[in-house]
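The values are calculated or read from the model by the stated rules, or taken from the named source; none is laboratory data. Everything numeric here is computed off the predicted structure, so don't read it as measured data. No Cβ is skipped: glycine too gets one built from the backbone with ideal geometry, and neighbour counts run over all protein chains shown.
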Amino acid sequence: MTTVPDYSLFPELEPYAHGWLDVPGGHRIYFEQCGNPDGVPAVVLHGGPGSGCNAGQRRFFDPAYYRIILFDQRGCGRSTPAGCIEYNTTWHLVEDIEALRRHLGIQRWMVFGGSWGSTLALAYASTHPQVVAAMVLRGIFLCRPAELDWFVRQSRWFFPEAWERLANGLDASERDHVMVAYQKRIFADDHQGAVDAARNWNAFEAAIMKLLPAADSGTGPDDATTLARARVQLHYLMNLCFLQDRPLLQRVAHCRAIPAVIIQGRYDMVCPPFTAYELHQAWPEAEFKIIPDAGHAASEPGIAAALVAATESFKHLQGEVSRDKTT
């Protein structure tokens with residue numbers, strides 16, 4: 001466990017450029033760039049699966065040093081078609097990231113991802129290690145059956161009331177197969193029933209996200225966004241994120257030369273610390289930070305400070321990236 005300096009998030013900022021990139025399978029992915037156009041490139045891989053990027057993710061990087069690149073994965077956010085699960089797997093996303101790098105003319109970049117974003121970051125870096133200058137990973141998720149069982153079943157030992165809200169309306173047999181039950185409802189022809197089920201599904205994760213839950217703002221995404229997120233997420237989780245034949249812990253050897261920081265909340269109930277510990281055991285060269293007073297969310301003070309500290313620690317990459325441009 002490492003003591004984290006008291007870093008604050010950087011001020012809010014707006015993109016200096018944005019656009020859409022056509023990728024195979026009829027998808028168009030939205031991307032944006034913020035900060036210093038000549039700075040160290042850093043790509044942010046959002047969570048979910050299905051969530052989409054957001055303005056808060058720009059604030060973990062010093063905009064004077066970093067060229068901050070965010071994008072919405074297939075079916076997510078402003079990418080189109082929204083909620084589409086066709087031609088939408090982890091390995092499609094890996095090649096989308098690589099296509100975006102080439103589209104933007106980047107030689108190497110930092111890869112930054114939390115939760116599902118950490119899964120995707122590991123899949124990408126183990127496939128294309130030569131273009132990854134550094135990695136910042138948070139709330140590690142490797143999408144193994146035991147991790148999913150924790151999320152949809154075992155976490156009820158800590159959050160029984162949240163789990164009962166999730167299971168409300170399910171019969172006895174469905175309660176043992178919650179993801180299957182929700183998949184049927186969320187992909188059903190009954191639109192309002194699908195939206196209601198999607199709201200319940202998304203609300204469960206939100207309820208167990210933080211060590212100290214924030215007050216309910218009373219606002220949330222619209223029906224279309226809610227349904228798209230849940231559909232993409234269940235598509236991935238029901239398929240074990242398409243990693244059955246390529247387990248990430250077996251691929252970590254390809255990443256071990258990449259400088260990396262792994263950040264994990266001690267009381268993370270979405271992605272418990274044991275998974276992050278296993279990753280560090282397989283990748284001892286990576287710096288491992290357990291945040292003692294945090295859950296899963298990147299916005300929790302200790303997690304946010306550790307993420308900023310990590311991006312600050314990689315400012316020496318400026319010289320390396322500059323040399324990349326001349327080779």
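Evaluate the following for G39: is it among the small types (G, A, S), buried (at least 24 other Cβ atoms within 10 Å of the Cβ) and out of contact with any Ser or Thr (no Cβ under 7 Å at 6 or more places or on another chain)? Against the criterion (among the small types (G, A, S), buried (at least 24 other Cβ atoms within 10 Å of the Cβ) and out of contact with any Ser or Thr (no Cβ under 7 Å at 6 or more places or on another chain)), G39 does not qualify.
If you check R256 against the conditions, is it modelled with pLDDT under 95, in the same structural domain as A297 (by TED's automatic domain parsing), surrounded by fewer than 23 Cβ atoms within 10 Å (Cβ to Cβ) and out of contact with any helix residue (DSSP H, G or I) (no Cβ under 6 Å at 6 or more places or on another chain)?
On the way: modelled with pLDDT under 95: no; in the same structural domain as A297 (by TED's automatic domain parsing): yes; surrounded by fewer than 23 Cβ atoms within 10 Å (Cβ to Cβ): yes; out of contact with any helix residue (DSSP H, G or I) (no Cβ under 6 Å at 6 or more places or on another chain): yes.
For R256, the condition - modelled with pLDDT under 95, in the same structural domain as A297 (by TED's automatic domain parsing), surrounded by fewer than 23 Cβ atoms within 10 Å (Cβ to Cβ) and out of contact with any helix residue (DSSP H, G or I) (no Cβ under 6 Å at 6 or more places or on another chain) - is not met.
The residues of region 190-231 that are in contact (Cβ under 8 Å) with a residue 60 or more places away in the chain and either in contact with a strand residue (DSSP E or B) (Cβ under 8 Å, 6 or more places away or on another chain) or among the charged types (D, E, K, R) (or both), listed by number, are E205, K210, L211, R229, R231. Among helices (runs of 4 or more DSSP H) entirely within region 94-183, having at least 2 residues that are touching a Gly at 6+ places or on another chain (Cβ under 6 Å) singles out 116-127. Considering only residues that are polar (S, T, N, Q) and modelled with pLDDT of 95 or more, look in region 1-41 and name the one that is nearest to T311 (Cα to Cα). The qualifying residue nearest to T311 (Cα to Cα) is N36. The single condition among (1) at pLDDT below 95; (2) touching a helix residue (DSSP H, G or I) at 6+ places or on another chain (Cβ under 8 Å) that S217 does not meet is (2). Taken together, Y124, Y182 contain a single residue that is more than 18 Å from L248 (Cβ to Cβ), among the hydroxyl-bearing types (S, T, Y) and modelled with pLDDT of 95 or more, which is Y182. Residues in region 50-82 that are crowded, with 23+ Cβ neighbours inside 10 Å and on the phi > 0 side of the Ramachandran plot: 3 in all.
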